[in-house]
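Peer 1: Shown below is the structure under consideration.
The values are calculated or read from the model by the stated rules, or taken from the named source; none is laboratory data. All values derive from a computational prediction rather than experimental measurement. Cβ: placed from backbone, ideal geometry, glycine included. Neighbour counts: every protein chain shown. SASA here: full protein model, heavy atoms, side chains in, ligands and nucleic acids out. Shrake-Rupley method; radii C 1.70, N 1.55, O 1.52, S 1.80 Å.
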Amino acid sequence: MTGLNPNRFRRHPPGLARTNIRSRQAVFSRRLCAAGTVMLGLLVCAPSGLAVELVLSQTSAATRVEIRGLTSDQLQSLRAAQLTTEQWSKSFSVYVGALSNSAATIDDQPAILGEYAIEKAAIVFQPRFPLRPGLQYRAVFDPARLPASATILAAAVERTFSLPEPPPAPPTFVAHVYPSRGTLPENQLKFYIHFSAPMSRGGSYQYIQLIEESGEEVEFPFLELGEELWDDTGTRFTLFFDPGRIKRGLKPREEVGPSLEEGKSYTLRIRRAWLDAAGKPLTKDFEKKFSVAAPDDVQPDVKRWRLTAPPAATR
């Protein structure tokens, strides 16, 4: 590495997270694996001439840290040593953040839990839990701390790194409200509210209003459940009208009246302040306007059902 122009690597290469290494001889590099894995490498030349490489490997499934540059014989000797997780962690570990002031040595700072493996050309550390974008990590590989049965003559490598923040997701919005008809019966039981992305849970009813044509809000028209009714994806919310205000003869209906009254028009309003699963508000308020017809008291008769197949090549 003699004759290297220091200005060549003065600027941080585009697209890479900021890194740091304590070795005096370091080169930023970027490699693409044949399997499509993006590898951000830091190359260190050991005194023995052995090239030891600590890389951050990012795939669609997970992020892991690898040690590359060891010979096949050295990797085979490490396999034969059958090191335990505790033995591996003494020489090859990943930490959150820099060495804290309260930790005098590496041994005083807890490392991230994970699994170790020796693959065809690398020692691999797979974190037990996914690494978080934006959080700083520090990876350390010190061959001198390996057991005597697995000696490797190479310089220690240390690198700090952080995963890039993912691109912002498109804003969440109300995609559909069912039933979608503009006229509903007075005894309408429920709405299905569909969102374009997963939503936060808890306190959902405060963001839903039923507004009369006069502009006055209907008080407590819906059944507010402590255990909200979401589908598994968090994108569909089931909203029930208060059944006590639907069926005639029940006390809630007799005292405060029905939630919906025949002949009137209403607006179902979903407020923008409702947060999605990422903590972001909806793009805008959503409104569904509808009128109310007489109660639908006719029992469904399956004999009168008609099924119509959609035309070919339609959705």
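Peer 1: Any idea which of PRO252, PRO258 is assigned to a helix (DSSP H, G or I) and touching a Lys or Arg at 6+ places or on another chain (Cβ under 6 Å)?
Peer 2: Working: PRO258 fails: assigned to a helix (DSSP H, G or I).
After ruling out the rest, the residue left standing is PRO252.
Peer 1: LEU163: touching a residue at least 40 places away in the same chain (Cβ under 8 Å) and closer than 30 Å to LYS264 by Cβ, yes or no?
Peer 2: No, not satisfied.
Peer 1: Moving on to the next point. Counting only residues that are under 30 Å from PHE241 (Cβ atoms) and of a type in the set (S, T, N, Q), how many does region 137-180 have?
Peer 2: Qualifying residue count for the region: 2.
Peer 1: Test GLN136 against the stated conditions and say whether it is out of contact with any Pro (no Cβ under 8 Å at 6 or more places or on another chain), within 16 Å of GLU66 (Cα to Cα), polar (S, T, N, Q) and at pLDDT 80 or above.
Peer 2: On the way: out of contact with any Pro (no Cβ under 8 Å at 6 or more places or on another chain): yes; within 16 Å of GLU66 (Cα to Cα): no; polar (S, T, N, Q): yes; at pLDDT 80 or above: yes.
No.
Peer 1: Yes or no: THR283 hydroxyl-bearing (Ser, Thr, Tyr), out of contact with any strand residue (DSSP E or B) (no Cβ under 7 Å at 6 or more places or on another chain) and either crowded, with 16+ Cβ neighbours inside 10 Å or within 30 Å of PRO170 (Cβ to Cβ) (or both)? It would help to see each step written out before you state the result.
Peer 2: Details: hydroxyl-bearing (Ser, Thr, Tyr): yes; out of contact with any strand residue (DSSP E or B) (no Cβ under 7 Å at 6 or more places or on another chain): yes; either crowded, with 16+ Cβ neighbours inside 10 Å or within 30 Å of PRO170 (Cβ to Cβ) (or both): yes.
Answer is yes for this residue.
Conditions tested, residue by residue: (1) open to solvent by 30 Å² or more (accessible area, probe 1.4 Å); (2) more than 30 Å from SER91 (Cα to Cα); (3) in a loop (DSSP other than H, G, I, E, B); (4) at pLDDT 85 or above.
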| site | (1), (2), (3), (4) |
| --- | --- |
| ALA144 | yes, no, no, no |
| SER149 | yes, no, no, no |
| ALA154 | no, no, yes, no |
| PHE161 | no, no, no, no |
| PRO167 | yes, yes, yes, no |
| VAL177 | no, yes, no, yes |
| ARG181 | yes, yes, yes, yes |
| PHE191 | no, yes, no, yes |
| HIS194 | yes, yes, no, yes |
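Peer 1: Which one is farthest from PRO185 (Cα to Cα), of the residues in region 268-280 that are of a type outside the set (A, V, I, L, M, F, W, C) and surrounded by 13 or more Cβ atoms within 10 Å (Cβ to Cβ)?
Peer 2: Within region 268-280, the first condition is being of a type outside the set (A, V, I, L, M, F, W, C), and the residues that meet it are 269, 271-272, 276, 279-280.
Those left that are additionally surrounded by 13 or more Cβ atoms within 10 Å (Cβ to Cβ): 269, 271-272, 276, 280.
Details: ARG269: 19, ARG271: 24, ARG272: 27, ASP276: 31, LYS280: 35 Å.
The extreme case among them is LYS280.
Peer 1: Something else now. Within region 208-223, is even one residue touching a residue at least 24 places away in the same chain (Cβ under 8 Å) and under 22 Å from ALA278 (Cα atoms)?
Peer 2: Among the residues of region 208-223, at least one is touching a residue at least 24 places away in the same chain (Cβ under 8 Å) and under 22 Å from ALA278 (Cα atoms), which makes the answer yes.
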